[in-house]
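The values are calculated or read from the model by the stated rules, or taken from the named source; none is laboratory data. The structure displayed is predicted, hence computed values, not measured ones. Counting neighbours? That spans all protein chains shown, and the Cβs are built from the backbone with ideal geometry, glycine included. Only protein heavy atoms, including side chains, enter the accessible area calculation; ligands, DNA and RNA are left aside. Shrake-Rupley method; radii C 1.70, N 1.55, O 1.52, S 1.80 Å.
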Amino acid sequence: CHLPHSSESAGLLKGDGTNLCFGCHEDIKKKYDTSLAKHKALYVGQRCGNCHFAHFAEYPSLLKKQGQELCFGCHGESDAARPDGLRNIRLEIEGKKVVHGPVADGQCIECHETHGGGHPKLLNGSFPQAFYASFQPDQYDFCFRCHDKELLTAQPAKEQTAFRNGSDNLHFRHVARKQKGRTCRACHSLHASDGEKLINPDGIPFGNWTI
């Protein structure tokens, strides 16, 4: 990593920080070059050093902290001076009665890529980002890795879901529509809520409304 006598880079490094790391970590370089959604931490400040130590660490992969606490180093602060618009996820979940399983376990990587990926918000699967979405059979497979697909697809429904009118599956009724199908976020908070099943008792933001 270092030249012994002189270098154009600080610390007598053989190259600038990120490119030096990519000399060995070719898989991360490929994500860096090709990902549609890129983790901003790789492009600002200390770049790789935002999350990793260079020489040694208490945690695997030379991480500075483990699990959720590493993410909260950036996504757990409210700083109006920051121009990057990062949401304070720590504040969002603090004191909530119901916390989404992976979040409660401190495992952000159950849902999010760490360096980059092919989906918005660094999600590691397809999930509609809008309030409405024309329904496609596989577009919620990201959710159905953990949740039973019949919550949505069973019609008529019995014990698959309690959200029904008699045997009419109201998940199916609201979501599986060619036009203006309501996505999960129409009723559910994604990280935490004071309402059962992550339903937001104060309503869900939609433009300037709260529904």
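Do we find that residue 157 is of a type in the set (A, V, I, L, M), in a loop (DSSP other than H, G, I, E, B) and open to solvent by 50 Å² or more (accessible area, probe 1.4 Å) in this structure?
Values: of a type in the set (A, V, I, L, M): yes; in a loop (DSSP other than H, G, I, E, B): yes; open to solvent by 50 Å² or more (accessible area, probe 1.4 Å): no.
Spelling it out, it is not the case that residue 157 is of a type in the set (A, V, I, L, M), in a loop (DSSP other than H, G, I, E, B) and open to solvent by 50 Å² or more (accessible area, probe 1.4 Å).
Within the range 17-44, track down each residue that is surrounded by 13 or more Cβ atoms within 10 Å (Cβ to Cβ), touching an Asp or Glu at 6+ places or on another chain (Cβ under 9 Å) and not in a helix (DSSP H, G or I).
Across the range 17-44, the qualifying residues are 35, 37, 39.
Give just the number: which of (1) in a loop (DSSP other than H, G, I, E, B); (2) modelled with pLDDT of 90 or more; (3) open to solvent by less than 50 Å² (accessible area, probe 1.4 Å); (4) not aromatic (Phe, Trp, Tyr) does residue 139 not satisfy?
Of everything listed in (1) in a loop (DSSP other than H, G, I, E, B); (2) modelled with pLDDT of 90 or more; (3) open to solvent by less than 50 Å² (accessible area, probe 1.4 Å); (4) not aromatic (Phe, Trp, Tyr), residue 139 misses just condition (2).
If you check residue 162 against the conditions, is it aliphatic (A, V, I, L, M), out of contact with any Gly (no Cβ under 8 Å at 6 or more places or on another chain) and over 24 Å from residue 200 (Cβ atoms)?
Numbers: aliphatic (A, V, I, L, M): yes; out of contact with any Gly (no Cβ under 8 Å at 6 or more places or on another chain): yes; over 24 Å from residue 200 (Cβ atoms): no.
So residue 162 fails the test.
Output the residues belonging to the range 144-172 that are among the basic types (Lys, Arg) and in contact (Cβ under 8 Å) with a residue 12 or more places away in the chain. First the steps, then the outcome.
At the first step, the residues of the range 144-172 found to be among the basic types (Lys, Arg) are 145, 149, 158, 164.
Result: 145, single match.
Condition check ((1) over 27 Å from the mean Cα position of the chain (by Cα); (2) within 24 Å of residue 93 (Cα to Cα)) across all residues:
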{"site": "168", "(1), (2)": "yes, no"}
{"site": "179", "(1), (2)": "no, no"}
{"site": "185", "(1), (2)": "no, yes"}
{"site": "201", "(1), (2)": "no, yes"}
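Hey, can you tell me all the residues within the range 174-204 that are under 16 Å from residue 138 (Cα atoms), aliphatic (A, V, I, L, M) and open to solvent by 70 Å² or more (accessible area, probe 1.4 Å)?
none
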